[in-house]
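Quick notes on the structure that follows.
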Amino acid sequence: MKQVDVVIIGAGAAGLMCAAQAGKRGRRVLVVDNGKKPGRKILISGGGRCNFTNYDVSAANYVCRNKHFPKSALARYSQWDFFSLVNEYGITWEEREHGQLFCLESAKDIVDMLLKECNLPNVEQRYRCDVHDIEKTEDGFTLKLDTDTVSCQSLVVATGGLSMPKLGATPFGYQIAEQFGLARVPTTAGLVPFTLHDKDKAALADLSGIAIPVTITTESGVMFKENLLFTHRGLSGPVVLQVSSYWTPGEKVTVDLLPDLDVVETINAMRDKHPAQSLKNSLARLLPKRLVEAMIERGDIEDKPLKQLNPKDITALADYLNGWQIAPNGTEGYRTAEVTLGGVDTDELSSKTMEAKKVPGLYFVGEVMDVSGWLGGYNFQWAWSSGWVAGQNV
Ligand SMILES: Cc1cc2nc3c(=O)[nH]c(=O)nc-3n(C[C@H](O)[C@H](O)[C@H](O)COP(=O)(O)OP(=O)(O)OC[C@H]3O[C@@H](n4cnc5c(N)ncnc54)[C@H](O)[C@@H]3O)c2cc1C
């Protein structure tokens, strides 16, 4: 039987970071992945440019039932540590809005960097390799692989979440947690577009392609300010992806369509200057015309000359535009989600090492656990941080 110190299941962001760190410590590492190549999600991330971290990272950028859990790993291996590594390898990068750092050339630069970090005689990688069975032994684990059986002291589960099944996502990590009696927070799709009820979908269908800056607030008061994109399926854009991670089915969201404008003051000024101008044409100077027409067609706004609006009408208009409410029908689900909410319950894990408290030698890193980041490089940072700390301990 083959013997190694560490088996890592999953050659994604977290698994490769963990393999490199354990390898540098002289541990004999075997990485197994069911896919044909490493870092498949990294390669397609950020539109092929990989938003690999963010200048501003804290535990507040993560959805996790225990909001303190991510703190330790993020502090021990921070965005600055990963940023230094990227610079050490001469990878060119650019900062985009909200402190997001992207590769200038290609996401492949990040995968190549991780593979170089793993290029050690004591680190072996196997692709198109399935794990059929895992058994706990007295001093570690035995895994039945496609062609052989391997024993190890430490087993790292780095199988990621359920999003993008086309890229080989599997629930295997959750099954391992279940096998060892570890609790799981129910999983759902996060960072995902909203779908709409048929009536809203039909009314808003013509708006497909329109993007406007808005704020969206959930019923629980979580708010994001970013661009909203109307699509032929529903609502998308960064603001929707962000808020989707905090949305519960059945809830309405409140959209402020003119977040930077005092609507009452602006309409009053327009009425004073152009009293005969229609409300439709006036609003079309503040918002996309097609959107204004849709609001009138839906009967949400009555078109009339500005001079016919009384102060009560203008206040009601402002309330509508600053508080447009819509109840999503659901989300597009794992097919298009960037992340999976929920996963292995962090109460089961040490926040310092990622080791399961009741199963010595068993570690979980990356998205498989109940830690999901905002849009903006936070998910990769979690993969680097959690993979790194586990790599120091396996
Ligand atoms: C389209 C898209 C774009 C994204 N863009 C960004 C971005 O720009 N910035 C950002 O921070 N985050 C982004 N994310 C999220 C980010 O990709 C993930 O959070 C991150 O990859 C998680 O790392 P991980 O190592 O935990 O899992 P993954 O990177 O998903 O790796 C898991 C690995 O485990 C393997 N595996 C799964 N099941 C098995 C099994 N049964 N046996 C063996 N191997 C298995 C998989 O093949 C895979 O290689 C994006 C996600 C998507 C879907």
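The values are calculated or read from the model by the stated rules, or taken from the named source; none is laboratory data. On a predicted model such as this, the values are computed, not experimentally measured, just so you know. Note: ideal-geometry Cβ built from the backbone for every residue, glycine included; neighbour counts use all protein chains shown. Side chains are part of the model used for accessible areas, which takes the heavy atoms of the whole protein and leaves out ligands, DNA and RNA. Shrake-Rupley method; radii C 1.70, N 1.55, O 1.52, S 1.80 Å.
Quick notes
- Considering every alpha-carbon pair of region 193-331, the percent of pairs per 10 Å bin, from zero through the bin containing the longest distance, is 12, 43, 31, 12, 1.
- With a simple spin-label model that places each label point 7 Å from the Cα along the Cα-to-Cβ direction, the separation between Lys144 and Lys357 comes to 3.3 nm.
- Karplus 3J(HN,Hα) series, Hz, for region 305-320 with 6.51 cos²θ - 1.76 cosθ + 1.60 (x for Gly, Pro): x, 4, 5, 7, 8, 9, x, 5, 4, 5, 5, 5, 5, 5, 4, 5
- Sites matching chymotrypsin sites (Phe, Trp or Tyr not before Pro) across region 59-143 that sit in DSSP coil, with at most 14 neighbouring C-beta atoms within 10 Å: Tyr89, Tyr127
- Inter-label distance, Glu95 to Ser58: 1.8 nm, where each label sits 7 Å from its Cα along the C-beta direction.
- DSSP bridge orientation in the chain - percent antiparallel, rounded to nearest 5: 70
- Listed values for region 287-292 are Karplus-derived 3J(HN,Hα) couplings in whole Hz (6.51 cos²θ - 1.76 cosθ + 1.60, θ = phi - 60°), namely 9, x, 4, 4, 5, 4, and x replaces Gly and Pro.
- Distant-in-sequence amide H partners of Gly330 (H built 1.01 Å from N, under 5 Å): Thr195
- Radius of gyration and Dmax over the Cα atoms of the chain, both given in Å: 24.7, 87
- Estimated [θ] at 222 nm from DSSP helical runs (n ≥ 4, -39500 (n - 2.57)) normalised by residues in the chain, nearest 500: -8500 deg cm²/dmol
- Expressed as a whole percent, the accessible area of the chain that falls on carbon and sulfur atoms is 49 (1.4 Å probe).
- Here Lys67 and Arg128 are evaluated by their C-beta separation; at R0 = 45 Å the FRET efficiency comes out at 0.70.
- The mean sequence separation of alpha-carbon pairs under 8 Å and at least six residues apart, normalised by the residue count of region 193-331, gives a relative contact order of 31 percent.
- Estimated distance in nm for a label pair at Asp260 and Arg76, the labels positioned 7 Å out from Cα along Cα-to-Cβ: 4.2
- Listed residue pairs exceeding 23 Å between alpha carbons, taken from Lys116/Lys136; Lys166/Lys199; Lys166/Lys352; Lys67/Lys352: Lys116/Lys136; Lys166/Lys199; Lys166/Lys352
- Rg to Rh, two decimals, where region 31-92 supplies the alpha carbon set and Rh follows Kirkwood: 1.03
- Distant-in-sequence amide H partners of Glu124 (H built 1.01 Å from N, under 5 Å): Val29, Leu30, Val31
- Computed on the chain, with alpha-carbon pairs under 8 angstrom and 6+ residues apart, the relative contact order is 26 percent.
- Sparsely packed GluC sites (Glu not before Pro) within region 1-109, loop by DSSP, other Cβ within 10 Å at most 15: Glu105
- Residue by residue, region 243-252 carries 3J(HN,Hα) couplings of 6, 4, 6, 10, 8, 10, x, x, 6, 8 Hz when phi is fed to the Karplus relation 6.51 cos²θ - 1.76 cosθ + 1.60 (θ = phi - 60°); x denotes Gly or Pro.
- For the listed peptides 9-18, 204-213, a ranking on the average number of other beta carbons within 10 Å per residue, highest first, reads 9-18, 204-213.
- Length gained on full extension, Lys166 to Lys289: 40.5 nm, using 0.36 nm per residue less the C-alpha separation.
- Within-12-Å neighbourhood charge of Lys357 [Cβ basis; K, R +1; D, E -1]: -2
- Local electrostatic count, Gly190, Cβ distance below 12 Å [Lys/Arg +1, Asp/Glu -1]: -4
- Length-normalised contact order for region 30-93 - Cα pairs under 8 Å, 6+ apart - percent: 24
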